[in-house]
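Undergrad: Let me begin by handing over the structure; questions about it come next.
The values are calculated or read from the model by the stated rules, or taken from the named source; none is laboratory data. As the structure is a prediction and not an experimental result, all values here were calculated from the model. Here the Cβ is made from the backbone with ideal geometry for all residues, glycine too, and neighbour counts use every protein chain on show. Calculation scope for accessible area: heavy atoms of the full protein, side chains included, ligands and nucleic acids excluded. Shrake-Rupley method; radii C 1.70, N 1.55, O 1.52, S 1.80 Å.
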Amino acid sequence: MQLGRRKNRSTLFIGVRITWIVWIAGLAVFLPCGIRASGQSPSQISNSMGLTAYVGAKVFPSPTDAAIEDATVLVKDGRISAAGPRLKIKVPSQAHLVHCEGLVIVAGMWNSHVHFYTPEWLNAAKAPADRLSQQLTATYLRYGLVHVVDLGSFLSNTLALRNRISAGEVAGPAILTAGEPLYPAGGVPEVAKQFHLPEAATPEQATEWAQKQLANGADVLKLFTGAGYSGPITIMPADIVRAVVVVAHGHNKLVFAHTQTVAGRQAAVAGGVDVLAHTPDPSGDDNASMLQALKAHGTVVIPTLKLWADDVDPSQKERVVNNGVNEVRAFNAIGGTIIFGTDVGYVPDVDPTDEYRLMSRAGMTFSQILASLTINPAHLFGVADRTGRVASGFDADLVFLGGDPSVDITAFANVKRALLRGRILFDLSTNSDQSSGRSKN
């Protein structure tokens, strides 16, 4: 057991926190006035077809491109048709004009570690669409997170949720899902055995599981290469890890790992895992050679730093958070690839603000944090040719911020509007900060 960790931290489906029940009961309290996604279908809150001109905002086209201080972004039929300085972009007379002075536009953002296994997401095929839209808005869309990666849920249920979003029945982010994760033999905690979660004792069993999971619709695969919290940690042998990786890579899919310990990380690296689902070592016993091995293998890391603040004994909180921050600082310093994720769905606090603060505390610059939210996951998931940038030809995945995150990193959470492929999924604006009409140009 790792020092400072609560004894009964959930792996997957290990009970349900009382706080989640309270969160659901009070969901409406968290929805500010003016969120138009609340109780509305995507067709009621979107205008993705036709031509819209967003003018006057400061735009960060990408983490490496200079900001455009007074920009115009033209969106037509769900894609960006032009983006640049207002004086250089001619707005067609038929365009719907939206004034964005005082706002900042960045590409649609990703949370690459979420979960859909808690009760409010279950029965997704039949749950009221308005309720699901409200939950997805409160958890993701209001924070500009228009792409999410689910790393542990009931696969059939999450696919049902995604299908309803794709059909336009529910307002929600684009979802990639792992569904149920794979545990080492004997690694499923006692309290979770009622869910009959998969285990593998041999490479052959791991191969069979991976093939079946992908055939059933999983987009990525998730392993517990280290499993257990209140007792001994069970390590997944590297040959079992490798068997899953071979199947996944044969289908051009990624493998994520929850590693838990140094031995779990060693198994993940030896087996060729693509992404670590958490900071390399929140207990502080990692070393430079392990970080170098991650970098050499091209292993991507999701920090989930706010998890350590939420999930430890209060007396150990500062020590464990500092360890996580220091590991991210060291990995970032050697050029390791980092993508953003918060473990929301296990972590009850949906607000990502603290994660931004902690990543900044770890020495990550504004550009590096923006990259972790946009272009890094887009590259990882093979969609960097269509999302992750505010540029002509890209999907109109856009987030409108009420502050400048290059000045105050927490402004990433101050979202006024969020678009996915041109569809307005979240809109906090009112007529006082938005006007529309026909261009006179």
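Undergrad: Explain nothing, just the number: dipole magnitude of region 289-351 about its Cα centre with +1 on each Lys and Arg Cβ and -1 on each Asp and Glu Cβ, in debye rounded to the nearest 20.
TA: 360 debye
Undergrad: Can you give the charge dipole size of region 330-401 about its Cα centre, rounded to the nearest 20 debye, using +1 on the beta carbon of Lys and Arg and -1 on the beta carbon of Asp and Glu?
TA: It works out to roughly 280 debye.
Undergrad: Please give me the summed charge of the neighbours of residue 334: other residues whose Cβ is under 12 Å from its Cβ, Lys and Arg +1, Asp and Glu -1.
TA: +1
Undergrad: In a shell of Cβ-Cβ distance under 10 Å around residue 421, excluding residue 421 itself, what net charge do Lys and Arg (+1) and Asp and Glu (-1) give? Working shown, then result.
TA: Values: positive: 79, 386, 423; negative: 77, 395, 397.
After counting each charged neighbour, the total is 0.
Undergrad: Calculate the length of the line joining the C-alpha centroid of region 88-157 to that of region 304-369, in whole Å.
TA: 22 Å
Undergrad: Ordering 195, 426 by how much accessible area each has at a 1.4 Å probe, largest first, what is the list? Spell out each step's value before the answer.
TA: Working: 195 70, 426 5 Å².
Listed by decreasing accessible area, they come as 195, 426.
Undergrad: Here's something else I'd like to know. When the Debye formula is applied to the Cα atoms of region 193-285, each taken as the same point scatterer, what base-10 log of I(q)/I(0) results at q = 0.10, 0.16 Å⁻¹?
TA: The Cα Debye sum returns log10 ratios of -0.24, -0.61.
Undergrad: Can I ask one more? Can you tell me which aspartates and glutamates have their Cα less than 16 Å from the Cα of residue 212? Leave out same-chain residues fewer than eight positions away.
TA: 180, 199, 204
Undergrad: So which lysines pass the test for residue 90, namely a Cα distance under 19 Å, with those fewer than 8 places away in the same chain ruled out?
TA: Hits, sequence-local ones excluded: 58, 76, 440.
Undergrad: Per residue, how much accessible area does region 217-331 show when a 1.4 Å probe rolls over the protein heavy atoms, in square angstrom?
TA: 33 Å²
Undergrad: Of 293, 323, 249, which is farthest on the positive side of the dipole of region 249-332, counting Cα position, with +1 on Lys and Arg Cβ, -1 on Asp and Glu Cβ, and the Cα centre as origin?
TA: Result: 249.
Undergrad: Separate question: Would you kindly find the accessible area of residue 262, with a 1.4 Å probe and non-protein molecules such as ligands, DNA and RNA excluded, rounding to the nearest 10 Å²?
TA: It works out to around 40 Å².
Undergrad: Kindly identify region 176-221 as rounded, prolate or oblate by the Cα gyration tensor criterion: order the square roots of the eigenvalues as a ≥ b ≥ c, call it rounded if a/c is under 1.5, otherwise compare a/b with b/c, prolate if a/b is larger, else oblate.
TA: oblate
Undergrad: Given the options 412, 401, 424, identify the residue whose Cα lies farthest towards the positive end of the charge dipole of region 388-431 (+1 on Cβ of Lys, Arg; -1 on Cβ of Asp, Glu).
TA: The one lying farthest along the dipole's positive direction is 424.
Undergrad: As a test question: what accessible area, to the nearest 10 Å², does residue 93 have when a 1.4 Å probe is rolled over all protein chains in place?
TA: The accessible area of residue 93 comes to roughly 70 Å².
Undergrad: Ok, one more. Give, rounded to the nearest 20 debye, the magnitude of the charge dipole that region 36-178 has about its Cα centre when Lys and Arg contribute +1 at Cβ and Asp and Glu contribute -1 at Cβ.
TA: 220 debye
Undergrad: Could you compute how much accessible surface residue 354 exposes when probed at 1.4 Å, giving the result in Å² to the nearest 10?
TA: In the full protein context, residue 354 sits at about 70 Å².
Undergrad: Just to make sure I understand: if all protein chains stay in place, what is the order of 295, 212 by accessible area at 1.4 Å, largest first?
TA: Descending accessible area places them as 212, 295.
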